[in-house]
Amino acid sequence: MVVTPNELERLVSSSRKKGWSFISLDELMDEYVRRHRFPSKTLSLTFDDGYLDNFSEAYPLLKNLNVPFCIYVTTGFIGQDVIPWWYLLEMALSSDFKCSIPEVKNLSLDSLKEKNDAFMAIRSKIMSNASCDSGIKAWLDHSADYAKRMEGRLFMNWDDIDVLAGDKLVTLGAHTHTHPVLSKLDNSDSYTEVELSKELLESRIRADVSHFAYPFGGAGDFSARDIQYLMDMGFKTAVTTSYGPIPGAGQVNMFALPRVNVCYDFSLLKMKKVFMRQAIKNEIKRLLSYAD
């Protein structure tokens, strides 16, 4: 889930050469409201969490290229010396830090694949319990000292947010206050996480915050309850991490928009091939349903 500045620049350049254009989320929504469809061959860039490199690396690059983009801000991370658990976990598993992994059995860390498998296994256990398993929590807290020795500030501060808010190329969206799995929270806590992030961000940038990204963003990480909260608070869109293009008119749920993860080996050709295969599968399922 990491892209270098050079890879990001190549993505923009190659996309434009192939006739793709980059538009903001607001422009995307305006097109849909006016025409009841989304424009073809368009891309909207989004970044989650509010990492410092979004400001120090991506922002100057995209500003120079005149590319609009959105950053979904986890307000509780901004200006704080925070190292999220998933970052600690990645640091611990990818480094020479040696420690037995509690409550997860039969895991080897000899190869990159095994480390990835271990990451996903531990991630699953953590996310299945909003309070985090005690043994894993203690292990991550212990590994924080190691991570702090290797890393500086991870997230933007509010001065950085002020700069971004003053640029028309940048859209700032909400991403909760502490980045929990919303579906694991009770009604009050879920509502507060969304409301607080929206209120804090709006009070700082003195503008409406209309776009939201679900933390983690998988199908089980948010619920119909959370969608209703967003609608009640006046949000216009919400994005997931489900892979895919925005569907056509009549099929789109503005509060469960899919996205495409851009990683080191991303290409438009690969993306289109995946979408084409999925479209063929969906059509086969539709035809079979008629046969039944």
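The values are calculated or read from the model by the stated rules, or taken from the named source; none is laboratory data. As the structure is a computational prediction, the values presented were derived from the model and not from experiment. Here the Cβ is made from the backbone with ideal geometry for all residues, glycine too, and neighbour counts use every protein chain on show. Remember, those area values only see protein heavy atoms, side chains included, never the ligands or the DNA or RNA. Shrake-Rupley method; radii C 1.70, N 1.55, O 1.52, S 1.80 Å.
A few remarks follow.
- Candidate set from segment 207-229 (those that are farther than 28 Å from VAL274 by Cβ and touching a helix residue (DSSP H, G or I) at 6+ places or on another chain (Cβ under 8 Å)); member that is least open to solvent (accessible area, probe 1.4 Å): VAL209
- Scanning segment 45-97 for residues that are among the acidic types (Asp, Glu), assigned to a loop (DSSP other than H, G, I, E, B) and closer than 29 Å to ASP117 by Cβ yields one hit, ASP96.
- When restricted to residues that are closer than 19 Å to HIS175 by Cβ and open to solvent by 10 Å² or more (accessible area, probe 1.4 Å), segment 59-83 contains 9.
- Flag if GLY234 is in a loop (DSSP other than H, G, I, E, B), modelled with pLDDT of 90 or more, open to solvent by less than 40 Å² (accessible area, probe 1.4 Å) and of a type outside the set (S, T, N, Q): no
- Residue in segment 34-42 that is open to solvent by less than 50 Å² (accessible area, probe 1.4 Å), in contact with an Asp or Glu (Cβ under 9 Å, 6 or more places away or on another chain), not basic (Lys, Arg) and not in a strand (DSSP E or B) present: yes
- For SER188, the conditions (1) within 23 Å of the chain's Cα centre (by Cα); (2) modelled with pLDDT of 85 or more are fulfilled apart from (1).
- Candidate set: segment 254-275, residues that are assigned to a helix (DSSP H, G or I) and surrounded by 13 or more Cβ atoms within 10 Å (Cβ to Cβ); chosen: the one modelled with the lowest pLDDT: PHE275
- Checked against (1) open to solvent by 10 Å² or more (accessible area, probe 1.4 Å); (2) over 20 Å from ASN261 (Cβ atoms); (3) touching a helix residue (DSSP H, G or I) at 6+ places or on another chain (Cβ under 7 Å); (4) not in a loop (DSSP other than H, G, I, E, B), VAL194 passes all but a single condition, namely (1).
- Residues satisfying the stated conditions in segment 197-224, i.e. over 17 Å from LEU25 (Cα atoms), in contact with a Ser or Thr (Cβ under 8 Å, 6 or more places away or on another chain) and assigned to a loop (DSSP other than H, G, I, E, B): PRO215, PHE216, GLY217, GLY218, ALA219, GLY220, ASP221, PHE222, SER223
- Lone qualifier among GLN251, GLN278 - being open to solvent by 80 Å² or more (accessible area, probe 1.4 Å) and either modelled with pLDDT of 75 or more or touching a Leu at 6+ places or on another chain (Cβ under 8 Å) (or both): GLN251
- Only residues that are touching a Leu at 6+ places or on another chain (Cβ under 7 Å) and within 20 Å of TRP85 (Cβ to Cβ) were counted in segment 182-224, giving 6.
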